[in-house]
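So the structure is just underneath, and the comments pick up after that.
The values are calculated or read from the model by the stated rules, or taken from the named source; none is laboratory data. What you see is a predicted model, and the numbers here were worked out from it, not measured in a lab. Cβ sites come from the backbone with ideal geometry, for glycine too, and all protein chains shown count toward neighbours. Surface accessibility is based on the protein's heavy atoms, side chains included, excluding ligands, DNA and RNA. Shrake-Rupley method; radii C 1.70, N 1.55, O 1.52, S 1.80 Å.
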Amino acid sequence: MSEVKISAETRTEFGKGAARRIRRESKVPGVLYGHGADPLHLTLPGHDLLLALRTPNVLISLDIDGKSNELAIPKAVQRDAIKGFLEHVDLLLVKRGETVTVEIPVHTEGELAAGGNLLEHVLNTLPVETEATHIPESVTVSVEGLEAGASILAKDITLPKGTTLAVDGDAVVLQVLSAQAEEAPEGEAAAGEEVAEA
């Protein structure tokens, strides 16, 4: 996984008014925390951060005030519900060689068995433990030829070297459902029959 370098500035103004001023300058307020250190309040460049966050669990190399370099991964991202712009980001401080628990997206490939079956993603992301500087971007699972009733468990998914499950191995990740025609509930049919008899 490649590192994305972002320049950040420490901030001393807090509250909604300060956050609005930061956003007007196309920047994003954020907090860097972890390793028992006091949380560090930052201002980050909005466009650079938006591009970086397109990669799940991106590793960000922060140049803070031109003085210190820190590695971080996004932990929580708040976006405007309507316009989608970044409102705030929480970053978790990490070190090379350190193990972190993250959720990686689950992608599928292949076609299900014929017959109009439906694939249900029980888990869209898979919790894993991995080295902070080698977080996989995603895992891909083949669903080729799976029939209704089939399921793929967490332990069935091949993970990259150095990555282990952080969820019960028997947790269902994907399952195949049979496509059934919708039927009227029994109660409604019975009520209709009573009306016909009366």
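Summed over the range 33-50, residues that are touching a residue at least 40 places away in the same chain (Cβ under 8 Å) and either surrounded by fewer than 20 Cβ atoms within 10 Å (Cβ to Cβ) or of a type in the set (Gly, Ala, Ser) (or both) total 6. Residues of the range 114-131 that are part of a loop (DSSP other than H, G, I, E, B) and either surrounded by 15 or more Cβ atoms within 10 Å (Cβ to Cβ) or in contact (Cβ under 8 Å) with a residue 40 or more places away in the chain (or both): Gly115, Gly116, Asn117, Val122, Leu123.
Residues satisfying the criterion are present in the range 37-49 (criterion: in a helix (DSSP H, G or I), touching a helix residue (DSSP H, G or I) at 6+ places or on another chain (Cβ under 8 Å) and closer than 30 Å to His134 by Cα).
Scanning the range 135-155 for residues that are touching a residue at least 40 places away in the same chain (Cβ under 8 Å) and of a type outside the set (S, T, N, Q) returns Ile135, Pro136, Glu137. When Thr99, Thr130 are screened for being in contact with a Pro (Cβ under 7 Å, 6 or more places away or on another chain) and hydroxyl-bearing (Ser, Thr, Tyr), only Thr130 passes. Considered as a group, the residues in the range 76-108 that are open to solvent by 100 Å² or more (accessible area, probe 1.4 Å) and of a type outside the set (Gly, Ala, Ser) include one that is nearest to Leu174 (Cα to Cα), and that residue is Glu103.
One line per residue, one yes/no per condition, for (1) of a type outside the set (S, T, N, Q); (2) assigned to a loop (DSSP other than H, G, I, E, B); (3) in contact (Cβ under 8 Å) with a residue 60 or more places away in the chain:
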position	(1), (2), (3)
Leu71	yes, no, yes
His88	yes, no, yes
Glu103	yes, no, no
Glu111	yes, yes, no
Thr133	no, yes, yes
Lys161	yes, yes, no
Val167	yes, yes, no
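Taking the criterion of being modelled with pLDDT under 85, open to solvent by 50 Å² or more (accessible area, probe 1.4 Å) and not polar (S, T, N, Q), the residues of the range 16-32 that qualify are Lys16, Arg20, Arg21, Arg23, Arg24, Glu25.
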